[in-house]
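FYI, it's all coordinate maths here, none of it is from the lab. Since the structure is predicted, the reported quantities are computational estimates derived from the model, not experimental observations. Positions of Cβ are backbone-derived with ideal geometry, glycine not excepted, and every protein chain shown enters the neighbour counts.
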Amino acid sequence: MASSVELNCWGGDWGLPSVHAECLVVMAYARFSHAPLKVNVVDHSWNAPRGSVPLLISDDTVISQPAKILNFLRKEKYNADYELSTKEGADTLAYIALLEEKLHPAVQYTFWVEADNYYNVTKPWFASRIPFPLNWYLPRKMAREALNRILLTKGGPPLYSITEVEAQIYRDGKECLNLLSHRLGISPFFFGNIPTTLDAFVFGFLAPVYKAPFPKVLLQDHLKQLPNLCRFCDDILTCYFRVNLSGISPSGQDTVDANLQKLTQLVNKESNLIEKMDDNLRKSPQHPPRKLTTLKLSATGEGNCSPNRLSP
């Protein structure tokens with residue numbers, strides 16, 4: 001692999017390394033295959049990359065879309081599927097196609113089209129991580145793209161209204177979740193004890209729905225009724241991203257530690273400055289303390305407090 005391979009992606013929240021499904025797919029696959037990617041999180045200091053996230057940059061090569069990024073990593077000898085048989089490889093392609101057709105539209109609808117979720121969770125989250133004035137434009141653009149994609153793939157006859165499309169999308173999404181739950185069974189991963197490409201795609205699509213604090217939770221409630229899929233997501237977060245009970249990933253903990261270190265350095269610097277000031281004060285010439293003058297009351301003016309009746 002090239003000396004420097006970078007991945008531009010949306011950042012994490014809610015106990016996830018990224019809240020973006022397609023970014024999670026690439027990040028999970030990189031962990032499964034031990035690909036050494038440098039992750040650049042989208043934030044206020046981020047300059048718009050040459051493409052949409054997730055975006056992989058290797059020397060002069062720029063690749064977007066999870067499938068193309070994963071193919072690039074395989075060509076670089078980072079292959080999470082090297083132990084799969086030919087049949088299992090074919091099953092992987094079939095299940096990924098099922099995810100793209102049935103589950104992905106439901107995830108997109110839940111995040112970007114469902115009004116309560118969009119205005120209370122999705123839009124505020126993404127707008128807070130996009131620099132002004134793009135934060136007024138890009139979330140709405142992303143929502144329109146999601147809606148157009150859904151209508152393009154799901155809005156044909158006999159489904160014409162968005163209400164009919166919504167009902168069909170959720171039916172398809174729940175059906176896909178049921179099939180995934182049945183396929184996973186009690187195994188830790190979809191093909192045994194080792195995670196593969198299919199596990200990366202399933203985790204990427206399920207984890208944001210599982211963890212997001214949505215007010216409208218039709219798909220999320222159905223997912224939480226399938227405990228093996230929830231366990232699947234939790235195990236990957238724990239084993240491959242080391243998310244602790246407080247929901248802080250290693251990168252987030254590194255940020256906390258760095259801030260704590262800076263604060264400690266600042267306190268030490270102030271403490272050293274105070275000690276230096278004390279040393280300077282001790283070394284400077286000191287004047288003897290002034291004695292207080294004793295004031296005596298005259299015998300005839302014991303009850304008069306006028307300054308003119310006071311004598312030293």
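Quick look at the numbers
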quantity: Built amide H within the under 5 Å cut-off of K216, gap 5+; calculated: N117
quantity: Backbone HN-Hα couplings from phi across segment 131-148 [Karplus 6.51/-1.76/1.60, Hz, Gly and Pro as x]; calculated: x, 5, x, 5, 5, 7, 9, 5, x, 5, 5, 5, 5, 5, 5, 5, 5, 4
quantity: Integer Hz, Karplus 6.51/-1.76/1.60 couplings in order for segment 219-236, x for Gly and Pro; calculated: 6, 5, 4, 5, 4, 6, 7, 10, x, 5, 6, 5, 4, 4, 5, 4, 5, 5
quantity: Set K38/K141; K38/K154; K87/K123; K68/K123 screened for pairs whose C-alpha atoms are more than 30 Å apart; calculated: K38/K154; K87/K123
quantity: Label-point separation, E101 to E175 (7 Å along Cα→Cβ), nm; calculated: 1.0
quantity: Global geometry of segment 113-180, whether rounded, prolate or oblate, following the gyration tensor of its Cα atoms and the 1.5 cut on a/c; calculated: prolate
quantity: Sequence-distant residues sharing a close amide H with V39 (under 5 Å, placed H); calculated: L7
